[in-house]
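Below is one structure; the comments refer to it alone.
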Amino acid sequence: MTLMERMAMTDQPLLRVEGLTKRYGQRIGCAEVSFDLYPGEVLGIVGESGSGKSTLLSCLAGHQRADLGRIVYDGRDVLAMPETERRRLSRTDWAYVHQNPRDGLRMGVSAGGNVGERLMAVGARHYGEIRGKAADWLARVEIAADRIDDRPSAFSGGMQQRLQIARNLVTGPRLVFMDEPTGGLDVSVQARLLDLLRGLVRDLGLSVIIVTHDLAVVRLLAHRLMVMKSGRVVEQGLTDQVLDDPQHAYTQLLVSSVLQV
Amino acid sequence: MTEQLDAGAYNFAYLDEQTKRMIRRAILKAIAVPGYQVPFASREMPMPYGWGTGGVQVTAACLVPEDRLKVIDQGADDTTNAVSIRRFFQRTAGVATTEATAEATVIQTRHRIPETPLKAGQILVYQVPIPEPLRFLEPRETETRKMHALEEYGLMHVKLYEDIARHGQIATSYAYPVRVEGRYVMDPSPIPKFDNPKLGNNPAIQLFGAGREQRIYALPPWSRVESLDFDDHPFRPSKAPHRCDLCGAGHSYLDEVITDDAGGRMFVCSDTDFCAGRRARGHRGRLAAEASAPPPHPSPTRGEGGAPSDGLAQGGAALASPPPRGEGLGAGGAGPEGTA
């Protein structure tokens, strides 16, 4: 793809969300969320627990059905799509990295099988090629080649998370949803994972929506930031702008609550 | 019908007519959608789950008084499961029975397809323990149904991938998953993968009944059935690399029988009717002479299986079965029960 084509493409948002609302009975999950996500862009969503950020992410990824609003991916209305198509999309063009790798991995299947599953789901039927690709992706997420036939249950938490990322990226998705990808990892492992993610996002030109409560993570990864409170977006803008010059009272509280070492 | 029965309290073939009607509707739907698992209201049968309650209900729904029934268990006509189900239908339906594959109109089977090619007009009924091929990969029923509906079968190949990664080849040797008519992935019940090629293009109707799981599925005649595999690890049916020690057959599925505690063993056809038929035609295997040396003595299980068939099926069945019957007993005396 030439640079001109790339620039022409970036005129069109990859994902456009309009007035997305999800209610749990009388309570609001998230309300009237709208944003555009352009190709290659990383959007961070921050907020305290219960602010609706995970609800928003699962509505976007199709795990839950939104009550109101529109989600347009690549010119197609996701909510109006038949389920077959939506599930195919979530196997090929989309990826979802769970906070707990146990939710995103098959713990009874070897690392190679975990990475190969998406390939086989889209029709790969050549064992040698599947294994080759799996080995390649394990190397890219810094898992030793001789661990390819080990089960994830024999892996450390950081390795499991890296394996989950490899498993998701193997089919070359364009849009990645991440739900607290660094949650539950100690800081040194977190730092390596963030480093890895930043490299992958840049090299593959991925669009990412990353939900986290860790401001350091979004500072490092996200281009743009959305701050949520009680199900609503209270502030959005460029990451550095929002973090360095917070306008909304809640954002100010959030930024000032970060512990300094 | 009832006047033919000694146990006159039962309806023909044990189940009441409305139940049989319900099962037939499920069977018709299963045949209309090859490989699709049709739920049905499975009844409590007078035998434990795991002994063929699904197969028995399908057989009961298919039987008519003119039928000639054959029941096999791991290919053998004389093992406990086969004998008890055959007796069950002799008592409750009064139908003729046979051990000859070619003469049977309905064959209920556990874990084998007979070696003798089936013909149009025959019905092969399988006993199925777990009908869902995806079950051990995905425990949620809601999810597996959705996967069938949306044709998401990548997971099935993950299982085969794991086999190759761990064993260097596809080690699944029975219940080998197949794809029917390019649509549904189906568990062919725990038949050896040696039998998989016989599933497709078969002129007989093949019905699968799972009693505990309450599912019926089917392969209509001449269905296209493909065993799943990888391009570089193609499906290969496998059997023990030996010849039958009794009839010398080199192309039938074999059971290994331990004959003593000093490492002695023999390989015999798992299909007893096929083996006996070959020996009746004069074929001899490595151990045929010593195996048939002891004078044939009547077997209690064989006797039960064969005797009542005199009532209705004097002709072919009676002619074909008696000579091999004695030999089969002498040969298998070492213990076909042990292999079952």
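The values are calculated or read from the model by the stated rules, or taken from the named source; none is laboratory data. Just so it is clear, the model here is predicted, and its values are computed rather than measured. Positions of Cβ are backbone-derived with ideal geometry, glycine not excepted, and every protein chain shown enters the neighbour counts. The area values use the complete protein model at the heavy-atom level, side chains included, leaving out ligands, DNA and RNA. Shrake-Rupley method; radii C 1.70, N 1.55, O 1.52, S 1.80 Å.
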Item to complete: Output the residue which, of all residues in the stretch A:112-141 that are open to solvent by less than 10 Å² (accessible area, probe 1.4 Å) and either of a type in the set (A, V, I, L, M, F, W, C) or more than 14 Å from chain B (Cβ to nearest Cβ) (or both), is farthest from the chain's Cα centre (by Cα).
Response: A:ILE130
Fill in: Residue list for the stretch A:142-155, restricted to those being of a type in the set (A, V, I, L, M, F, W, C) and either over 13 Å from A:LEU105 (Cβ atoms) or within 11 Å of another protein chain (Cβ to nearest Cβ) (or both)
A:ALA144, A:ALA145, A:ILE148
Item to complete: Tell me which residues, restricted to the stretch A:102-111, are small (Gly, Ala, Ser) and within 10 Å of chain B (Cβ to nearest Cβ).
Response: A:GLY108, A:SER110, A:ALA111
Worksheet item: Which residues, counting only those in the stretch B:259-284, are farther than 18 Å from B:PRO114 by Cβ and out of contact with any Gly (no Cβ under 7 Å at 6 or more places or on another chain)?
Response: B:THR259, B:ASP260, B:ASP261, B:ALA262, B:GLY263, B:GLY264, B:ARG265, B:MET266, B:PHE267, B:GLY282
Worksheet item: Restricting the stretch B:261-288 to residues that are open to solvent by 40 Å² or more (accessible area, probe 1.4 Å) and touching a residue at least 12 places away in the same chain (Cβ under 8 Å), which is nearest to B:ILE72 (Cα to Cα)?
Response: B:ALA280
Practice prompt. Specify the residue that is nearest to B:ARG91 (Cα to Cα); the eligible residues are those in the stretch B:35-46 that are part of a loop (DSSP other than H, G, I, E, B) and open to solvent by 40 Å² or more (accessible area, probe 1.4 Å).
Written response: B:PRO46
Worksheet item: Looking at (1) within 15 Å of the chain's Cα centre (by Cα); (2) within 11 Å of chain B (Cβ to nearest Cβ); (3) of a type outside the set (Gly, Ala, Ser), can you tell me which one A:LEU163 breaks?
Response: (2)
Worksheet item: Among (1) surrounded by fewer than 18 Cβ atoms within 10 Å (Cβ to Cβ); (2) more than 10 Å from chain B (Cβ to nearest Cβ), where does A:GLU83 come up short?
Response: (2)
Discussion item. Modelled with pLDDT of 90 or more, closer than 21 Å to B:MET147 by Cα and touching a helix residue (DSSP H, G or I) at 6+ places or on another chain (Cβ under 8 Å): which single residue out of A:ARG106, A:ARG91 fits that description?
Written reply: A:ARG106
Discussion item. Being at pLDDT below 90, out of contact with any Gly (no Cβ under 7 Å at 6 or more places or on another chain) and surrounded by 13 or more Cβ atoms within 10 Å (Cβ to Cβ) is true for just one of A:GLU5, A:GLU48. Which residue is that?
Written reply: A:GLU48
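This table checks each residue for (1) modelled with pLDDT of 95 or more; (2) away from every other protein chain (no Cβ under 12 Å); (3) in contact with a Ser or Thr (Cβ under 7 Å, 6 or more places away or on another chain).
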| position | (1), (2), (3) |
| --- | --- |
| B:ALA149 | no, no, no |
| B:LYS159 | no, no, no |
| B:GLU162 | no, no, yes |
| B:ARG166 | no, no, no |
| B:THR172 | no, yes, no |
| B:VAL178 | yes, yes, yes |
| B:GLU181 | yes, yes, yes |
| B:ASP187 | yes, yes, no |
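Does A:LEU259 satisfy the criteria of being free of Cβ contacts under 8 Å to residues at least 12 places away in the same chain, hydrophobic (A, V, I, L, M, F, W, C) and either closer than 22 Å to A:LEU15 by Cα or assigned to a loop (DSSP other than H, G, I, E, B) (or both)?
Against the criterion (free of Cβ contacts under 8 Å to residues at least 12 places away in the same chain, hydrophobic (A, V, I, L, M, F, W, C) and either closer than 22 Å to A:LEU15 by Cα or assigned to a loop (DSSP other than H, G, I, E, B) (or both)), A:LEU259 qualifies.
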Discussion item. Can you tell me how many residues within the stretch B:96-110 are closer than 21 Å to B:SER223 by Cα, open to solvent by less than 30 Å² (accessible area, probe 1.4 Å) and in a loop (DSSP other than H, G, I, E, B)?
Written reply: 0
Item to complete: Tell me which residues, restricted to the stretch A:79-93, are over 22 Å from A:ARG131 (Cα atoms) and outside any helix (DSSP H, G or I).
Response: A:LEU79, A:ALA80, A:MET81, A:PRO82
Worksheet entry | Tally of residues being within 13 Å of the chain's Cα centre (by Cα), of a type outside the set (D, E, K, R) and crowded, with 23+ Cβ neighbours inside 10 Å across the stretch B:75-95 | 4
Discussion item. Quick check on my filter: what residues within the stretch A:171-191 are buried (at least 24 other Cβ atoms within 10 Å of the Cβ) and closer than 18 Å to A:LYS133 by Cα?
Written reply: none
